[in-house]
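Undergrad: For reference, the structure I am asking about is given below.
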Number of protein chains: 2
Amino acid sequence: MYDRIKGFRDVYPAEMAAWRETIDTLEDTARQYGFREISTPALERAELWTDKSGDDIVDELYAFEDQGGRHVTLTPELTPTVARMVVAKQQELSKPIKWFSTRPFWRYEQVQQGRQREFYQTNVDIFGSSEPEADAEILAWAADALTGLDLTEDHFEFRISHRDILGGVLESYETDVDVDDAIRAVDKSDKLSTAEYHDLLIGAGLSADQAAEFADLVATGDLEAVRSFAGTERVRDAVDNLQAVLGAVEDFGAREHCTISLETARGLDYYTGVVFECFDSAGEVSRSIFGGGRYDDMIESFGGQPTPAVGVAPGHATLPLLLQRAGVWPDERISTDYYVLQIGDTRADAARIVRELRERGHVVETDIAGRSFGAQLNYADSINAETVVIVGEQDLENDEVTVKDMASGDQTQVPVSSFPGDRTRPTIADFDR
Amino acid sequence: MYDRIKGFRDVYPAEMAAWRETIDTLEDTARQYGFREISTPALERAELWTDKSGDDIVDELYAFEDQGGRHVTLTPELTPTVARMVVAKQQELSKPIKWFSTRPFWRYEQVQQGRQREFYQTNVDIFGSSEPEADAEILAWAADALTGLDLTEDHFEFRISHRDILGGVLESYETDVDVDDAIRAVDKSDKLSTAEYHDLLIGAGLSADQAAEFADLVATGDLEAVRSFAGTERVRDAVDNLQAVLGAVEDFGAREHCTISLETARGLDYYTGVVFECFDSAGEVSRSIFGGGRYDDMIESFGGQPTPAVGVAPGHATLPLLLQRAGVWPDERISTDYYVLQIGDTRADAARIVRELRERGHVVETDIAGRSFGAQLNYADSINAETVVIVGEQDLENDEVTVKDMASGDQTQVPVSSFPGDRTRPTIADFDR
């Protein structure tokens with residue numbers, strides 16, 4: 001007997017039904033926004049990551065040499081691939097480019113709740129617009145997708161900031177501050193005591209007073225206070241941009257899901273403007289559910305013309321944690337509209353009914369294992385069949401079949417010619433008894 | 001600039017639209033049959049293949065050692081994985097188990113038309129029924145899926161046989177025949193001259209007369225002739241089973257798509273009963289489009305209880321060749337229901353219209369790049385928008401918007417309150433001019 005690999009999951013049908021409903025909601029919402037589906041390779045040249053990220057990411061890659069001597073890797077994220085695709089057809093693609101896809105990625109990481117080594121994401125990106133409306137559309141899509149999953153503002157919030165705010169404020173100090181170290185301190189401040197947090201800021205070059213002042217300023221999330229405190233063009237532009245994005249988000253109907261949170265730094269590399277993370281409003285899921293933001297330098301770094309970009313990527317390992325916490329994770333349950341039960345040699349008649357019901361789009365099963373009445377009824381129950389149509393030799397002599405409602409147990413005989421007859425979705429309620 | 005890896009494809013939105021339509025048809029049909037979706041890992045322990053297949057398959061694997069020292073491989077096919085999953089939950093799963101999934105697989109092979117190193121398949125399998133109705137349901141699903149793609153019996157045929165027929169007939173010779181060699185000869189007979197074919201059969205141990213006789217018998221596809229020629233129980237059972245499957249296929253409405261073809265051997269290992277391959281009826285696509293059959297020994301070979309199995313796996317590299325040849329490959333074209341065009345500062349009103357149209361399920365885009373009237377109209381054209389709703393400052397002063405039909409170029413002004421108003425999908429035809 002063989003085992004699956006650690007960090008990789010087998011998803012059986014009942015659980016898959018809940019996954020599929022979740023993914024469909026995200027994707028249907030993306031389609032309504034005019035995002036277009038793409039399909040991308042599982043393998044890329046490892047250089048797409050090693051050239052840029054160096055050792056940080058290499059340890060996490062499933063990288064190897066293929067039979068042709070290429071140094072390849074299972075892709076740990078989508079962005080370099082879409083950047084490569086945008087560069088390859090830069091001229092022919094009409095802008096803005098709006099793409100989505102749902103697919104697995106792979107990272108060799110510690111396995112824990114909400115983190116597997118194979119994990120699915122729905123990536124949603126816009127290339128070719130630097131306008132605040134593009135950032136806002138990404139946020140509005142994410143909000144619409146989550147409310148489409150029956151989450152409300154009581155369940156989730158987008159904590160939103162602009163990458164230049166923290167850096168700009170830190171730069172405005174006359175002391176020599178290690179900005180990256182200070183931002184890293186902010187990034188993990190919610191896991192630290194105040195003293196620990198301040199110590200890290202002091203370690204980054206601030207004085208004790210400056211550390212306290214900076215931490216307080218950041219914690220208030222007061223954009224006007226930040227603007228006047230720093231007084232630099234960089235901070236002014238960042239605050240203006242963040243406010244413009246929030247204005248567009250208001251028009252797009254998603255403002256109530258956004259909270260200004262200057263502690264949201266979302267790492268150091270990669271992002272260039274607005275950044276945000278989705279959190280459980282109630283705080284029961286303590287980690288970020290997913291995040292996104294603007295990354296205007298990426299396409300150029302892959303050899304393309306400068307192309308602004310903004311995106312988000314809900315992950316299907318963490319999103320269920322939030323949906324389950326909120327009590328809106330879809331039922332892990334398969335469903336079946338009809339089971340057509342055969343008694344005796346009634347296959348031809350049963351098959352006719354099966355075909356007609358399937359042509360109407362229903363989920364229909366029938367016996368393909370030569371089983372008894374009882375075994376078929378048990379099976380119909382195991383697949384949660386709503387209605388069982390019993391096609392028996394004796395009934396057929398009277399040109400009848402029996403329709404059984406599985407919830408109530410009620411059943412009635414109906415003319416075989418009227419099942420399904422003209423009806424789109426006949427149930428026991430359609431027939432007089 | 002980075003290149004993609006040879007044998008791996010970037011699929012852009014227009015082509016993806018055709019793929020998606022094709023995959024949806026296969027999957028929707030599978031759901032109607034009561035097949036249940038599963039999700040499976042991209043990586044498995046390499047032993048799942050090397051233990052069984054030895055060197056034949058090893059050369060084709062993307063196998064490597066992971067960071068934890070595991071000998072793993074990108075999966076080249078689904079069957080060992082589902083076998084593993086069935087074994088893992090043998091007791092709790094109600095039989096028959098009916099599963100489907102669409103996902104990529106990977107083989108390091110020569111790249112050619114219809115064959116990439118990363119390729120997608122929709123696998124559809126039944127575990128736990130040895131009855132002919134199970135084989136027939138697989139064939140009926142495949143036929144329904146293909147007719148759902150607008151293919152007819154003029155376009156495709158399933159060439160069907162039973163694995164024991166060739167072997168059983170060869171066994172019935174008193175000479176010492178290498179059955180595997182002879183079946184390999186039959187398998188490639190359509191690519192050989194008659195003389196070459198006979199020579200291979202002679203090489204397998206038949207006399208010249210026997211070779212000619214055997215080749216003729218197999219070519220006729222006459223099941224009764226085969227039954228009486230061999231006279232063994234093995235051949236009798238195989239013919240009976242094949243006829244029973246075809247009888248059930250008749251009831252299931254797919255008989256016209258099946259042709260008895262005893263030359264269909266479908267390799268040597270793995271299959272244990274009925275086997276079939278889908279071919280282009282007109283012969284323009286010369287290779288098999290996809291195949292399937294019964295593999296009753298697989299689950300046991302993976303350490304499970306003996307569990308009969310039958311399945312099929314249309315591949316999304318070869319299926320398009322057939323659809324294109326038949327002229328029914330879906331348009332490689334994105335589609336958009338509405339583009340909401342903004343002139344001046346009309347974002348709030350435009351956004352309201354966008355939201356209401358999206359709530360009705362439509363694909364709707366609006367300006368997120370701060371562009372001019374002309375640039376927006378060009379973009380709307382590039383995404384094949386059917387209707388453009390022009391929200392202009394001047395029109396809004398009269399509480400009007402302009403509705404433009406992109407096919408005809410006709411446009412008309414309508415009250416802003418009536419767009420979309422009560423209408424599910426308003427077009428220019430809904431408004432008097």
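Undergrad: Go over the candidates B:E118, B:E92 one by one and state the one that is facing chain A (nearest Cβ under 8 Å) and either surrounded by fewer than 16 Cβ atoms within 10 Å (Cβ to Cβ) or at pLDDT 95 or above (or both).
TA: Matching residue, one of B:E118, B:E92: B:E118.
Undergrad: Scan region B:65-80 and give yes if some residue there is under 30 Å from A:H362 (Cβ atoms) and touching a residue at least 24 places away in the same chain (Cβ under 8 Å), otherwise no.
TA: Checking region B:65-80: at least one residue is under 30 Å from A:H362 (Cβ atoms) and touching a residue at least 24 places away in the same chain (Cβ under 8 Å).
Undergrad: For region B:111-126, indicate whether the set of residues that are under 33 Å from the mean Cα position of the chain (by Cα) and assigned to a helix (DSSP H, G or I) is non-empty. Outline the logic, then answer.
TA: First pass over region B:111-126, keeping only residues under 33 Å from the mean Cα position of the chain (by Cα): B:111-126.
Next, only the ones that are assigned to a helix (DSSP H, G or I) stay: none.
Within region B:111-126, none of the residues are under 33 Å from the mean Cα position of the chain (by Cα) and assigned to a helix (DSSP H, G or I).
Undergrad: Specify the residue that is nearest to the other protein chains (Cβ to nearest Cβ); the eligible residues are those in region B:43-57 that are touching a helix residue (DSSP H, G or I) at 6+ places or on another chain (Cβ under 9 Å) and farther than 24 Å from A:Y108 by Cα.
TA: B:K52
Undergrad: To continue, here is another question. Scanning region B:236-272 for residues that are of a type in the set (V, I, T) and modelled with pLDDT of 95 or more, which turns out nearest to B:E153 (Cα to Cα)?
TA: B:T259
Undergrad: Another one. What number of residues within region A:289-332 are assigned to a strand (DSSP E or B) and more than 22 Å from A:A265 (Cβ to Cβ)?
TA: 0
Undergrad: Would you confirm whether any residue within region B:189-200 is under 27 Å from B:E137 (Cα atoms), touching a residue at least 24 places away in the same chain (Cβ under 8 Å) and among the small types (G, A, S)? Can you show your working first?
TA: First, the residues of region B:189-200 that are under 27 Å from B:E137 (Cα atoms): none.
So far as region B:189-200 goes, no, none of its residues is under 27 Å from B:E137 (Cα atoms), touching a residue at least 24 places away in the same chain (Cβ under 8 Å) and among the small types (G, A, S).
Undergrad: Residues to consider are B:T307, B:T318; find the one that is of a type in the set (S, T, N, Q), closer than 15 Å to B:S130 by Cα and crowded, with 18+ Cβ neighbours inside 10 Å.
TA: Numbers: B:T318 fails: closer than 15 Å to B:S130 by Cα.
Checking each option against the conditions leaves just B:T307.
Undergrad: Only one of (1) over 30 Å from B:R371 (Cβ atoms); (2) at the interface with another protein chain (Cβ under 10 Å from one of its Cβ atoms) fails for A:R84. Which number is that?
TA: The single condition A:R84 does not satisfy is (1).
Yes/no matrix, rows are residues, columns are (1) at the interface with chain A (Cβ under 9 Å from one of its Cβ atoms); (2) free of Cβ contacts under 8 Å to residues at least 24 places away in the same chain; (3) under 27 Å from B:V218 (Cα atoms); (4) surrounded by fewer than 24 Cβ atoms within 10 Å (Cβ to Cβ):
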| residue | (1), (2), (3), (4) |
| --- | --- |
| B:D125 | no, no, no, no |
| B:E137 | yes, no, yes, no |
| B:R159 | no, no, yes, yes |
| B:L166 | no, no, yes, no |
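Undergrad: Sticking with this one: Six or more apart or on different chains, Cβ under 8 Å: which pairs go from a residue in region B:107-122 that's over 9 Å from B:A317 (Cα atoms) to one that's assigned to a strand (DSSP E or B) and not hydrophobic (A, V, I, L, M, F, W, C)? Could you list them?
TA: From residues that are over 9 Å from B:A317 (Cα atoms), the pairs are B:E109/B:R115; B:E118/B:P104; B:T122/B:S101; B:T122/B:T102.
Undergrad: Quick one: B:T318 ticks every box in (1) closer than 27 Å to B:S101 by Cβ; (2) at the interface with another protein chain (Cβ under 10 Å from one of its Cβ atoms) except a single one, so which number is it?
TA: Going through (1) closer than 27 Å to B:S101 by Cβ; (2) at the interface with another protein chain (Cβ under 10 Å from one of its Cβ atoms) one by one, B:T318 breaks only (2).
Undergrad: For region B:333-425, which helices (runs of 4 or more DSSP H) that fit wholly inside it have 3 or more residues that are within 37 Å of the chain's Cα centre (by Cα), under 28 Å from B:M16 (Cα atoms) and within 11 Å of another protein chain (Cβ to nearest Cβ)? Give the derivation first.
TA: Numbers: elements: B:347-359, B:373-382, B:393-397.
Output list reads B:347-359, B:373-382.
Undergrad: Return the residues of region B:58-81 that are of a type outside the set (S, T, Y), facing chain A (nearest Cβ under 10 Å) and part of a loop (DSSP other than H, G, I, E, B); say none if nothing qualifies.
TA: B:D59, B:E60, B:L61, B:D66, B:Q67, B:G68, B:R70
Undergrad: OK, next. Does any residue of region B:20-32 turn out to be over 25 Å from the mean Cα position of the chain (by Cα), at the interface with chain A (Cβ under 10 Å from one of its Cβ atoms), buried (at least 18 other Cβ atoms within 10 Å of the Cβ) and not in a strand (DSSP E or B)?
TA: No.
The values are calculated or read from the model by the stated rules, or taken from the named source; none is laboratory data. Keep in mind that what you see is a predicted model, and the values were worked out from it rather than measured. Note: ideal-geometry Cβ built from the backbone for every residue, glycine included; neighbour counts use all protein chains shown.
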